[in-house]
Each structure stands twice: as C-alpha cells, then as structure tokens.
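Here is the structure we will look at.
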Amino acid sequence: MCRFHNLTPRHLFDVVHCVYWDFSTAQWSTFGCQYMSSESSPSTAVCVCSHLSNFAALLDVSGREENTAIKSLLTYIFCGASVLCLVVSIGLSLRLGRIESYNLANDQFRRRANKATLNRHIAICLLLTHAVILVGMDRKEVQSVCLTFSLTLSFFLLASFSFMLLQGYHLLKSTSHPLVSDLRQGNYAVFGYGAPASILAIAVMTIWSRDLSLADVFIGDYL
C-alpha cells in the first residue's frame, strides 16, 4: 500500500490514477495498481499495488485540455489579430529600412539598418508562426501533413528565438562598442535561419539514429 500526501483538494480525487513506471516500455502503467477512494482523504491518496516498483499518483483533470469551439474561436481571433499587427509592423519596418539604409557603407547607418532588419525578421518569423497555427491547427487527418506543419512551426519558433538573441547581441554591441564596425545584414540572416535549421536537422538525425518515428516524437500526443 502506498500513501501520497498533500496532493490535491478533495474535488480532484475522482481523477487520480495510481501508476508505476514500467522500465520495459518506458512509460507509466496502471497494471496491478488500484486507487482506494474510500481510504483516501483531501490530503492523502491511497494506492494498493500487487508488486513493488516506482509508484506515483497522476492527476487527469477531465476536459481541461479538450479542443472546444470557444477555444478554437479564440485562437483564430487572437492569432488573426496578431497576424494583422505583424503585417503592419513589417510594412513599417520596410519603409523605415529604405530610409535609413541609403548609406550602408557608413557604420552608423548600417547599425540602424541592421536594427530595423532584425526587428523585421522577428516579425516575419512570428507572422509565419501564427499563420502555421491558423492553417494547421486542426489538420491532423493526414499524418504527413500534420508532421510538416509541426516541423515548420518548430523551425519558425526557433528562428524567432535566434533573431531575438541576435537583437540582444546587436544592442549590446551598439552600446558597449559603438565604434566597432557592425556585421552585414547577410551575416545576421545566415545565423538567424541557419542555427534553427541546424538544431532541427540534428534533432531529426538523432531521432532517426535511435530508430524512432518523427511522428511519434513531434505529434504523437496530438493525434
């Protein structure tokens, strides 16, 4: 018999599952374990198992993560609003970029143009991220299509983080070393998109090297 203390209020004990870690399948299993609701209390969960292993009490709040109409509607509304705002931001960045980059041979203008370029790339990555969510949110009928959307979403999320890192480096360089020549826009773009592509490629090769399925890793819990 196992007792787990200070787990959760009484109204959540109806969704407690007594499990143990099955090393052969590398996942939680309920085989041989039973939750004793009559002996449990608001602060203690009692589990009875017919074997010895690594035990735990898992909570599953029913319906909390289900896809409902209101959740889908809110996703479409706010992602659509984000896409609209990002389009406006990219347009303004392009306009300002043309004004400030007329003399890229001058370090001062190049630094200002690079700042606008980094902001534009961040906006583009976030725009494509929201677009993928809007288009591929419920496209899970065909596994290959769902996997493509998942990989694309992962790439643009990593790219947005990469360009945010570059923006931080650019701001640090502009403030602490204002007289040092700034990098060219192409160098920022190569790192901004090359780093996430490399990370994703390494992840895919690692998954394949372990004889695992990309679908199980990237979309296994969604399908």
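Once ligands and nucleic acids are excluded and a 1.4 Å probe is used, how much of Leu158 is accessible, expressed in Å² to the nearest 10?
Here the accessible area works out near 50 Å².
Leaving ligands, DNA and RNA out of it, rank Tyr169, Tyr20 by accessible area with a 1.4 Å probe, largest first.
Values: Tyr169 100, Tyr20 30 Å².
Listed by decreasing accessible area, they come as Tyr169, Tyr20.
Roughly how many nanometres apart are two label points built 7 Å out from the Cα toward the Cβ at Asp216 and Ser174?
4.8
Show me the ranking of peptides 27-33, 131-137, 70-76 by mean Cβ neighbours inside 10 Å, starting with the highest.
Details: 27-33: 13.9, 131-137: 15.9, 70-76: 11.4.
Going from most to least packed, we get 131-137, 27-33, 70-76.
Taking 7 Å along the Cα-to-C-beta vector as the label spot, tell me the Ser29-Val88 distance in nanometres, rounded to one decimal.
My value for the distance between the label points is 5.7 nm.
Order the following by accessible area, largest value first: Asp22, Asp211, Asp138, Asp216. Probe radius 1.4 Å; ligands, DNA and RNA are ignored.
Working: Asp22 30, Asp211 140, Asp138 55, Asp216 110 Å².
Per-residue accessible area, sorted high to low, gives Asp211, Asp216, Asp138, Asp22.
The values are calculated or read from the model by the stated rules, or taken from the named source; none is laboratory data. This one's a predicted model, so the numbers in the text were calculated from it and none came from an experiment. FYI the Cβ positions are ideal-geometry reconstructions off the backbone, even for glycines, and counts take in every protein chain you see. With ligands, DNA and RNA removed, areas are computed over all heavy atoms of the protein, side chains included. Shrake-Rupley method; radii C 1.70, N 1.55, O 1.52, S 1.80 Å.
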